[in-house]
Amino acid sequence: MNASTEAVTPAPSRPWLQPIWLGRAVALAAGVLLVVYPMVSDDIYYQNMIILSLIFAVGASGLNIISGFAGYISLGQGAFLGLGGYTIGVLAVRFPDASPWLWVPLGGVVAAGVALILGFVSLRSSGPAFVIITVAFLFLVQVIAVNWVSLTNGTTGLTLPLPTWDRDIMNWPFYYVLVAILALQLLMTWWIRRTKLGMGLIAIREDETKAATIGINLPVQKIVAFMASALFVGMAGAVYGYYLTFIDPRGMFSILISVQLILSMLIGGKATLWGPVIGAFLVEWLNEMANNDWGGGNTRLFLFGGLLVVVVIFLPKGIIPAIESVLSWRRTKGKAGLVGARIGTGGSLASITDRVQLVDRSEIPDRALLEVRDLKRHFGGVKAVDGASFTVPEGSITGLIGPNGSGKTTLFNLIDDTIRAESGEILLDGRRIDGLRSWQRAHLGLGRTFQITRLFREMTVLENVVAVQRRFSIAQLGRIAVSGAEAKAAEELLEFVGMRAFRDQQARALSYGQQKLVELAQILMLDPKLILLDEPAGGINPVLIERMGEMIRELNSYGKTFLIVEHNMPFVLGLCDPIHVLARGRTMASGTPEEIQRDPAVIDAYLGDDFVLEEKVAP
Amino acid sequence: MTELLQNLLLGLLLGGVYALAASGLTLIFGVMRVINIAHGAYLILASFITYWLWDSFGIDPLLAIVITTPIVFALGWVTYKVVVSPIRTAPMASTVLLTFGLALVVEGAMGEIWGNNSTAIRPSYADESFIMGGLFLPKAQVYGGLIAVVVLVLLWGVLTKTWLGRAIRAAATNPSSAELVGIKVSAVAALVFALGIAAAGAGGAITGVLYPFVPGSHYQWIARLLAIVVLGGLGSLNGAVLGAIMFGLAETLTSAYVSPSWATAVPYAIVFLVLLIRPQGLLGTRLREDAVAA
Amino acid sequence: MSHVSLRRAWTAMALTGVLALGLAACGGDDSEGGEGDSSAPIRIGSSLPLTGEFSQPGQAAKQGYEVWQKMVNDAGGLLGRDVELVIKDDASNQNTVVSDFNALIGQDKVDLLLGTFSSLLNLPASAVAEKNQMLYVEPAGGSPDMFNRGFKYLFFTQQATADKQGKVFAEWVAALPEDQRPKTAAYPTLDDPFAAPNVAGIQEVLEAAGIETVYQETYAIDTKNFDTIVNAMKNADPDVVVHGAQFEDGIGLTRSMLKAGFAPDMFYETNAPSFGAQYSDGVGAENTEGVLYAVSHSPEADTPGNAEFVAKYQEMFGTDEVPEDAADGFAAAQVMQAAVEAVGSIDDQGALADWLRENEVDTILGSLSWDETGAPTGEFLIGQWQNGKPEVVLPADVSTADIEIGWKPGASG
């Protein structure tokens, strides 16, 4: 971390990147205590409690990747522990001479493999449907374990031999292997949070449709996340099975384990590094207390159920984020926030970045970069886009105007596949793209802003920009995003739009105009050939409108092609050529600004009942 | 042939009771976008209340519906006010977790009050059947099915023929517009939640007579009910009825012609397949949180 | 940020660590904790499924342990010391039962262990005891898989493992005269490590005797609706139904049979009918007449101490009904007591185990003995409901009534 940039960080969303050495010292001390504990105490009660806590910590931390980062709440996480357990059980019974430890990594592989399959089949669902599917998955795996007797020995279960090592260190191997697995799990979580993959997952959580438009390959990201959330959990499950020495469907695939995992993650704090770990230790400790000191079974139900209710209502973000916000509130109390700070004056793109490819305008061929042919999309009886056709010449700033409800935004949505067109063709650079998904279109050079900005609200400005994926490859998912080359490029683009000072500000804290600027920097990260701007001048102050115009012109001078929807007529007429007029879902006129201004049909359309200049209000 | 007919008949009778139990779940989802995981717990709670009325006061368990249902209705209303309404605007996944927590609390409470032993309600007719030709129709199931149909028709009448029903549908389709025309959406929501729970209560009174139960039985019920409403289409009452009947048949036929040990897999397999192939269910509208704001 | 909550989570851990060190320093850091004080009570730990799926038998077993404790303490204690019970609730949950036994050994420092209920829980729990080299006497966990793991400290204190519990009944059926012997049999069974081997054991004997199997299915634990199973059985029309059941499904299947008007000549069911009044309430007292079942204990049996146990139980819990599972719990404690008293000390748990392997113990279930694996080598009792009352009908030498052929639902009560 660069110390000088830390100084201007008012409210970071990445607690573990903060050089709060005291915190690290405590974490280190806790780690040391954890490692030496079995050597200084032979109390098997606490050893057992820690062993179970470690298992749940791995499980919750894994869950955190798919549920905390990507926002897909899963109640089937316990299944991966069970699959790991069954892996070691089945193999240890088949190969009695081999050490069961050999099968622990394999437990992880099996869990990740099943996660891959589940990922494929559950991709179509989201929100509650996803939660239900994960529950169904858990029970289905259980039913299979019950009925596939030849492999699993059915409800009778599998018994593992007792470990043969010295009974004085009976729990040590389980204990230390789990510590190591947890360390690996945390390392992976920490690493993912810093990579393109992690940025993409959080983007998916915040706004999945938008994430697709900035080049994030949704299915691949989600499947990779699913596998990552299962890998170490499967290994921990294998150790769990060996530790219990008995594996049966009811115990291994109990829904209560999944509930405990999700509760641990929520209480500690989702999408944080340490939250799930702290939650797991806390919940398991409460669990044991409830069982040993507070009355047993029914108390445990009250405790778990009550905690879930209380956490969801009062502590939806969990302990760590709650403490974080208290601390940051105390730290910034009395100091002016950055939100009121001035937007930078920006700079010339050519001098500050090599991220955006610059083209000599004289080399631009005279051809259509984007061609739309007879595009259609109806919503019930509403013919939002009804046979629109037009072209955007390469190197132009093309305007798209029309009365409210004429289908401009829907047209944008069709072009970038936010909504799938019913019929018609879309060609980018001479290539059909109407069969492609949003991220594929983005990779081919299509960038798009939204009428009402759609930044990822819980991410910082910098993270919003580095979340963009210019092209797709598995390898680049593993690239570090929050520092290094990606961060540098993002900062340069933020400099260009004048928002560099805000880089560590959360997007939701920005003003509407500031959000527009960041969204522009965000899509520039794609280095698009064609930039679709949906009302770039809407709802922002005149100074900013002027600045917006300048930037568009500058980008255009370097060869960027624009398609702009805008209600601000002077802005459009001063900037765009050619201009297409859309009415009732079709293009009714095209031409230079002068031609459009003189076209009687256009004047008629605008002066008709529809002609109301909409007031755009910042959210 | 008789065997098949008998199995179909049993499946249909089962489906009628399932339909009643599932109607509340789908109603609550349709209006409030809340998947009430605690639905099964309230169903079992109603079974226990029915047991208590039958055991302590000798009230016929099926007639006791007129007492049980209002009690459960009140409980549902209180539940809504205390725990559900604070998170009305939270993401759906949060409400799933919340109601799951609720289910655990209700389970614990039932264990404290009535104990964790298996409980059975056996009125005099519990194990008798009507015999028709070679077929048998268990009396409790026939009565239960008839009551289920009556309650469902009443519910349907309320939803389609009354001002309240129109208010409920308005609140479901467009809450903000409903507020504009003078519908208190929060009051409607509380009412719908209570009504949905009450329907589960009526179902619980019947199932308590049909099958023995323990506090933990609610897991099996919520799994079935979810499968039914997902199959029928979340939020669709007609869908729930159709789904319930198909589900009852599927379960019965799997048990009879495949193997009873796979019958319990039916709900999960159905959920899985439906959400994959036709996420909106048989009669439902598409279930998506991220409806495009265009 | 993270440090604050980290500290919070670790404080407890750190404190307990320090505490444990302190305790270790005082206690000399060995498992004989308070051994020096010979007047201190002997602490006996167990974890039972007091809630959840197996709460029914779990609660009863707890009562059995408590009756034993009362009787031992009234009689002057064990080795002259009072007996103290530490019983935890594992909620029928495997990782909880493991935690509980670890807590009993590590935290509560109990001197002796008594087992939990059901094979599913005893399998993982007995491994904890084995790892810690503590005697593990368990009242109910008769799955044959319990005993093929080479455990040294495990003993099961009923008369036979699950696969042999129906043997007496099966052999009686096979030996019936030709005209009374059933020709066809149905075997519905719960998919469970206890019920399934039990039924399989009977099926083997009956098939060897030429009784044709016309129906055989296992169903899952959460099966609620037995109408289709019964309908299929009815169509197969067997002379005898052998049902492998726990409690709830036993009631459920019987009621479905009544509804379907299906009454085979002979009806044998594991477990459920041994639950006394709970069973007869569940299926209706009038429908119990002639139902056969395997049972480990009879309140009327003339075994040493049985009358005292029954009286004490009735006194303590105010019911006439003595659940079989309470008797099983009591017998497990008796077995442990016998070993402790014979060895004269609780220091060497290996010696206790060795003694049990060598000797027979008289219990309220009769005389018990074990093979090398800790599996019992006796014969189970067969019970039958007659005139609304459970009776022991086989083997003949311990029976309280003569066996009657035929299930006659609606006949008695």
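The values are calculated or read from the model by the stated rules, or taken from the named source; none is laboratory data. The structure displayed is predicted, hence computed values, not measured ones. All Cβ positions, even for glycine, are placed from backbone atoms using ideal geometry, and neighbour counts span all protein chains on display.
Taken together, B:LEU75, B:LEU63 contain a single residue that is over 19 Å from A:LEU263 (Cα atoms), more than 10 Å from every other protein chain (Cβ to nearest Cβ) and in a helix (DSSP H, G or I), which is B:LEU75. Taken over the stretch A:465-475, the criterion of being touching an Asp or Glu at 6+ places or on another chain (Cβ under 8 Å) and either modelled with pLDDT of 90 or more or crowded, with 24+ Cβ neighbours inside 10 Å (or both) is satisfied by A:VAL466 alone. A:SER254 passes every criterion in (1) among the small types (Gly, Ala, Ser); (2) crowded, with 24+ Cβ neighbours inside 10 Å; (3) in contact (Cβ under 8 Å) with a residue 40 or more places away in the chain apart from (2).
Residues that are part of a helix (DSSP H, G or I), of a type in the set (Val, Ile, Thr) and at pLDDT below 80: does the stretch A:311-321 have at least one?
Looking through the stretch A:311-321, none of the residues is part of a helix (DSSP H, G or I), of a type in the set (Val, Ile, Thr) and at pLDDT below 80.
Of the residues making up the stretch C:155-199, those that are hydroxyl-bearing (Ser, Thr, Tyr), under 20 Å from C:ALA263 (Cβ atoms) and surrounded by 19 or more Cβ atoms within 10 Å (Cβ to Cβ) are C:TYR187, C:THR189. Taking strands (runs of 3 or more DSSP E) as the structural unit, those lying wholly within the stretch C:41-116 and holding at least 1 residues that are polar (S, T, N, Q), more than 10 Å from chain A (Cβ to nearest Cβ) and touching a residue at least 60 places away in the same chain (Cβ under 8 Å) correspond to C:42-48. Checking the stretch A:505-526 against the condition returns no match, with no residue being crowded, with 21+ Cβ neighbours inside 10 Å, under 21 Å from the mean Cα position of the chain (by Cα), at pLDDT below 85 and over 27 Å from A:THR409 (Cβ atoms). Of all residues in the stretch C:183-213, those being in contact with a strand residue (DSSP E or B) (Cβ under 7 Å, 6 or more places away or on another chain) and under 19 Å from C:ALA245 (Cβ atoms) number 15.
In the list A:THR453, A:THR409, which residue meets the criterion of being of a type in the set (Val, Ile, Thr), in a helix (DSSP H, G or I), over 23 Å from A:ILE223 (Cα atoms) and not assigned by TED's automatic domain parsing to the domain that holds A:GLN221? Among A:THR453, A:THR409, only A:THR409 is of a type in the set (Val, Ile, Thr), in a helix (DSSP H, G or I), over 23 Å from A:ILE223 (Cα atoms) and not assigned by TED's automatic domain parsing to the domain that holds A:GLN221. Residue check, C:ALA277 against (1) closer than 23 Å to C:PHE267 by Cβ; (2) aliphatic (A, V, I, L, M); (3) buried (at least 17 other Cβ atoms within 10 Å of the Cβ), all met but one. Which one? Unmet for C:ALA277, out of (1) closer than 23 Å to C:PHE267 by Cβ; (2) aliphatic (A, V, I, L, M); (3) buried (at least 17 other Cβ atoms within 10 Å of the Cβ): (3). Could you list, in sequence order, all residues of the stretch C:281-309 that are in a loop (DSSP other than H, G, I, E, B) and in contact with a strand residue (DSSP E or B) (Cβ under 8 Å, 6 or more places away or on another chain)? Correct list: C:THR288, C:GLU289, C:GLY290, C:VAL291, C:SER296, C:HIS297, C:SER298, C:GLU300, C:ALA301, C:THR303, C:PRO304, C:GLY305. So for the stretch B:41-52 (the condition being over 18 Å from the mean Cα position of the chain (by Cα) and modelled with pLDDT of 90 or more), does at least one residue qualify? The answer is yes; a qualifying residue exists.
Would you mention how many residues in the stretch A:277-318 are crowded, with 23+ Cβ neighbours inside 10 Å, within 11 Å of A:SER264 (Cα to Cα) and either of a type outside the set (A, V, I, L, M, F, W, C) or within 12 Å of chain C (Cβ to nearest Cβ) (or both)? Of the residues in the stretch A:277-318, 9 are crowded, with 23+ Cβ neighbours inside 10 Å, within 11 Å of A:SER264 (Cα to Cα) and either of a type outside the set (A, V, I, L, M, F, W, C) or within 12 Å of chain C (Cβ to nearest Cβ) (or both). On the given criteria, is A:MET188 over 19 Å from A:PHE450 (Cα atoms), under 8 Å from the mean Cα position of the chain (by Cα) and outside the structural domain of A:VAL466 (by TED's automatic domain parsing)? Considered against the rule, which asks whether it is over 19 Å from A:PHE450 (Cα atoms), under 8 Å from the mean Cα position of the chain (by Cα) and outside the structural domain of A:VAL466 (by TED's automatic domain parsing), A:MET188 comes out as no.
Filter the stretch A:219-262 for residues that are part of a loop (DSSP other than H, G, I, E, B), farther than 24 Å from A:MET170 by Cβ and not small (Gly, Ala, Ser) and give the result. Passing the criteria: only A:PHE253.
Looking at the stretch A:477-496, which of its residues are of a type in the set (Lys, Arg) and over 12 Å from A:MET199 (Cα atoms)? Matches in the stretch A:477-496: A:LYS488 only.
Name the pairs: first residue in the stretch B:32-51 and over 23 Å from B:ALA172 (Cβ atoms), second residue polar (S, T, N, Q) and not in a helix (DSSP H, G or I), Cβ to Cβ under 6 Å, at least 6 apart or on different chains? Here the result reads B:TYR51/B:THR119, each pair linking the stretch B:32-51 to a residue that is polar (S, T, N, Q) and not in a helix (DSSP H, G or I).
Which of the residues spanning the stretch A:152-170 are at the interface with another protein chain (Cβ under 7 Å from one of its Cβ atoms) and hydrophobic (A, V, I, L, M, F, W, C)? Within the stretch A:152-170, A:LEU162, A:MET170 qualify.
The residue list B:PHE130, B:PHE193, B:PHE136 contains one member that is over 23 Å from the mean Cα position of the chain (by Cα) and surrounded by 19 or more Cβ atoms within 10 Å (Cβ to Cβ), which is B:PHE136.
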